[in-house]
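Here is the structure we will look at, set down as structure tokens.
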């Protein structure tokens, strides 16, 4: 079983960004969806990203945008990966000039097999887009390979340990680690990352 990668999403300020990285986050997420309370303008994201240490993935979250808009905003923000939260055709993805990650908004167990040959993010379907804390039923992952799945939706310090047995490629957390929309709770981030990356039988040091 490999150590999962962990992304902390909904970053809006440099303090939360640096703290997440210091606690072991592999990636940070920036929401470029204006209806979200965690929205950040590409220019403001760029100012944060400029101050990050090397080897941290910078992910931009996009909803219902054209490939051209995504390319433009990605360049402004200097992100390294575009997270696509809507269905699009092959031609759309071919027009992207930045690496991308497709998102499965799961409604049923069969959705677990969508894009099964690609790395993808799996989140619970909600009418809006993200940040509502709804979980995917863990039983939907039984009997399928999860090594290319990044799990999102309702992950927190209380339930992350039980999900590690599925050997997901990674975890993505946002609203459950906040003290207010767009503002992270430092202790929750630290505890979440410790538990997500904890090896079997390893004890977490108290802090």
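The values are calculated or read from the model by the stated rules, or taken from the named source; none is laboratory data. Fair warning: this is a prediction, and the values are worked out from it, not measured in the lab. Using ideal geometry, Cβ is built from the backbone for each residue, glycine included, and neighbour counts are taken over all protein chains shown.
Figures for the structure shown
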quantity	calculated
Search result, residues across segment 71-88 that are assigned to a helix (DSSP H, G or I) and farther than 14 Å from residue 40 by Cα	71, 72, 75
Residue among 136, 122 that is touching a strand residue (DSSP E or B) at 6+ places or on another chain (Cβ under 7 Å), surrounded by 16 or more Cβ atoms within 10 Å (Cβ to Cβ) and modelled with pLDDT under 95	136
Residue under evaluation residue 51, criteria (1) part of a loop (DSSP other than H, G, I, E, B); (2) within 26 Å of residue 180 (Cβ to Cβ); (3) within 19 Å of the chain's Cα centre (by Cα), criterion not met	(3)
Selection within segment 54-70 - assigned to a helix (DSSP H, G or I) and within 22 Å of residue 28 (Cβ to Cβ)	69, 70
Considering residues of segment 10-28 that are farther than 10 Å from residue 184 by Cβ and touching a residue at least 40 places away in the same chain (Cβ under 8 Å) only, the residue nearest to the chain's Cα centre (by Cα)	27
Complete set of residues in segment 101-113 that are surrounded by 13 or more Cβ atoms within 10 Å (Cβ to Cβ) and outside any strand (DSSP E or B)	109, 111, 112
One residue from 98, 150 being within 17 Å of residue 31 (Cβ to Cβ), modelled with pLDDT of 95 or more, surrounded by fewer than 16 Cβ atoms within 10 Å (Cβ to Cβ) and in contact with a strand residue (DSSP E or B) (Cβ under 6 Å, 6 or more places away or on another chain)	98
Looking only at segment 167-186, and only at residues there that are modelled with pLDDT of 95 or more and assigned to a helix (DSSP H, G or I), the one that is surrounded by the most Cβ atoms within 10 Å (Cβ to Cβ)	177
Candidate set: segment 32-80, residues that are under 30 Å from residue 194 (Cβ atoms), out of contact with any helix residue (DSSP H, G or I) (no Cβ under 9 Å at 6 or more places or on another chain) and at pLDDT 95 or above; chosen: the one surrounded by the most Cβ atoms within 10 Å (Cβ to Cβ)	61
Residue list for segment 2-22, restricted to those being in a loop (DSSP other than H, G, I, E, B) and either closer than 20 Å to residue 154 by Cβ or in contact with a strand residue (DSSP E or B) (Cβ under 6 Å, 6 or more places away or on another chain) (or both)	4, 9, 10, 11
